[in-house]
Amino acid sequence: MTRQPVRSVISSAADALASAGVPSPRVDAELLVAHVLQVDRGRIAFIPFLTGEQGSRLQELVAQRAERVPLQYLTGTALMGEVDLAVGPGVFIPRPETELLYAWALGYLEMCGMHPPVVVDLCAGSGALALAIAHARPDAQVHAVELDKEALPWLQRNAGARQQAGDPAVTLHEADATAPGLLGELAGTVDLVISNPPYVPEGSDVAEEVARHEPRRAVFAGEDGLDVIRPLVRNAARLLRPGGGLAIEHDDSNGAGVIGIVEATKAFREIEQHFDLAGRPRFVSAIRTIGAAE
Ligand SMILES: C[S@@+](CC[C@H](N)C(=O)[O-])C[C@H]1O[C@@H](n2cnc3c(N)ncnc32)[C@H](O)[C@@H]1O
C-alpha cells in the first residue's frame, strides 16, 4: 500500500465509523489516526501522510471500532486524574464521570488532615481510583480490592507501572468486596472507602461497546443494580473509623436507593447525593458516625 494523505484517511475512516453507528465517528477517526502515528490528536494536522504500513494498521483498527470494540481497548489507555491506565479486553474502562468521585475523595482527604490516610478502593478494576489517589496523595496507604481474574492482571500491571514511575506501592487484594469479614485486619481504621462498583440493573439498555465487549461482572449487579452495593456498604461501615468518609458511584436511577442503603446501616451521617454535569445523581458520600457498625 502506498502512502496516503492524512486528511482523506480521516474522512474515509469517519465515514466508515458513522455507517457502523459509532456515536462520535470523526473524533474516533482522529484519535485512531493519532494512535497509529504515535502523536497527540492535536499534532495530526502537521503530518501530511500515513505510510503504507500505518494505513494498513489504521484499516484494522477502524474495522474493529466498526464492530464497536471500545476506542480505549484499541488505543490501550484510559485516564483517571493524572494517571494513564492500560486497559484492554477483560477490564472495565474508567469513565470520565468517575472523576467527580475522585475529586470528592481528594477534597475529603485534604479536609480530614490525616497523615498518612488509609484508603480502600472496593471493586478496583484497572486500579483507576486507587492509583490516581496514590499518585495525588503519596502519603496515603492505599488498598485496592478486585475479584475478577481477568481484571486482576490489568490492576497488577497498572500498579507496577505506577510504582516504576515513582508512585508509592498500592496493596492489592484479590477478594470479594461483598464478603463478610473483608480486610478484617483494617476494621475500624480506614479513613476513606471509595467504590465505583458494578451497578447497572440487569436488562438495562447499554451501549453496544459495553454490551458486546466490556466484562458483564464489571457492569451489571442484579435486577435493581444494587446487589453489590448493599453488602459493600456494610463492609465500608465496618472498615471505617469514626469520622471516616465513604463515596460510592451508582446508576442514575438509584440515587434514592443508595441513600436508603447507607441510612439503613445507622452507621453514617452527612449522607449526600452528588450530581454529574448533566444533573444526574452520580454518587453518594457519607461520614462514619461514632458507634458500632451493624
Ligand atoms: C464498574 S467497574 C469499576 C472499576 C474501577 N473502579 C473504575 O472506576 O474504573 C467494577 C469492578 O468491580 C469488580 N467487581 C465486581 N464484583 C466484585 C466483587 N464482588 N468484589 C470485588 N470486585 C468486584 C469488577 O470486576 C470490575 O472490575
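Readers should treat all values here as calculations from the given coordinates under stated rules, not as data from a laboratory. What you see is a predicted model, and the numbers here were worked out from it, not measured in a lab. Heads up, the Cβs are rebuilt from the backbone with ideal geometry, glycines too, and the neighbour counts pull from every protein chain shown.
The table below gives the values:
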read-out: On Cα atoms only, tilt of 229-239 relative to the major axis of the chain in degrees; value: 60 degrees
read-out: FRET efficiency for Glu60 and Glu82, using Cβ-Cβ distance with R0 set to 22 Å, rounded to 0.05; value: 0.10
read-out: The chain - charge dipole about Cα centre, Lys and Arg +1 at Cβ, Asp and Glu -1, debye rounded to 20; value: 460 debye
read-out: Within a Gaussian network of the chain (alpha carbon springs, distance under 10 Å), most fluctuating of Gly107, Gly81, Gly255; value: Gly107
read-out: Between helix 25-37 and the chain: long-axis angle, C-alpha atoms, 0 to 90°, nearest 10; value: 80 degrees
read-out: Of Arg65, Arg230, Arg95, the one that fluctuates the most in a GNM where the chain has Cα springs shorter than 10 Å; value: Arg95
read-out: Within the chain, helix-based [θ] at 222 nm, where runs of 4 or more DSSP H residues each add -39,500 (n - 2.57), nearest 500; value: -11500 deg cm²/dmol
read-out: Fluctuation leader among Glu185, Glu202, Glu82 - the chain, Gaussian network, Cα springs under 10 angstrom; value: Glu185
read-out: Cα centroid of the range 56-87 to Cα centroid of the range 154-201, whole Å; value: 25 Å
read-out: Cα-based helix-to-principal-axis angle, 152-164 vs the chain, degrees rounded to 10; value: 90 degrees
read-out: Cα-based equivalent ellipsoid, the chain: semi-axes from gyration tensor eigenvalues, Å; value: 39, 20, 16
read-out: Residues whose placed amide H lies under 5 Å from that of Val193, excluding near-sequence neighbours; value: Val120, Gly245, Leu246, Ala247
